[in-house]
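These notes are about the structure you will find just below.
The values are calculated or read from the model by the stated rules, or taken from the named source; none is laboratory data. All values reported here derive from a predicted model rather than from experimental measurement. Using ideal geometry, Cβ is built from the backbone for each residue, glycine included, and neighbour counts are taken over all protein chains shown.
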Amino acid sequence: MVSGIIICGFGIGSFIFSFVSTLLANPNNVSAEHEVDGLVFYGSEVSARVPGMIQKLAVSWSILCTISFFCLKPI
């Protein structure tokens with residue numbers, strides 16, 4: 001049961017943070033437009049937001065880790 005809850009937490013975390021990162025990096029839902037060697041890339045509007053997205057996600061993960069640290073109780 002505990003292993004299932006832990007695996008579920010990993011899946012739900014990935015599911016939620018994929019939407020959050022998409023909203024932070026591409027809030028206007030711009031489609032990829034630049035094609036190079038058969039690969040399609042986003043323009044400068046989206047790529048300029050990626051460093052800020054990573055910083056905001058790092059802060060949110062740090063806050064979540066701090067909260068979980070204080071929720072631990074010694075045995």
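Values as computed for the structure displayed
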read-out	value
Residue ID - nearest to Ser21 (Cα to Cα), chosen from residues in segment 46-75 that are loosely packed, with under 10 Cβ neighbours inside 10 Å and of a type in the set (Phe, Trp, Tyr)	Phe69
Filtered residue count, segment 27-45, keeping only those that are exposed (fewer than 10 other Cβ atoms within 10 Å of the Cβ) and of a type in the set (Val, Ile, Thr)	1
Helices (runs of 4 or more DSSP H) wholly inside the chain containing at least 3 residues that are at pLDDT below 90 and more than 11 Å from the chain's Cα centre (by Cα)	44-47
Residue list for segment 43-75, restricted to those being β-branched (Val, Ile, Thr) and either in contact with a Pro (Cβ under 8 Å, 6 or more places away or on another chain) or without any contact (Cβ under 8 Å) to a residue 12 or more places away in the chain (or both)	Ile54, Val59, Ile63, Thr66, Ile67, Ile75
Filter pass, Phe17 being of a type in the set (Phe, Trp, Tyr) and surrounded by 10 or more Cβ atoms within 10 Å (Cβ to Cβ)	yes
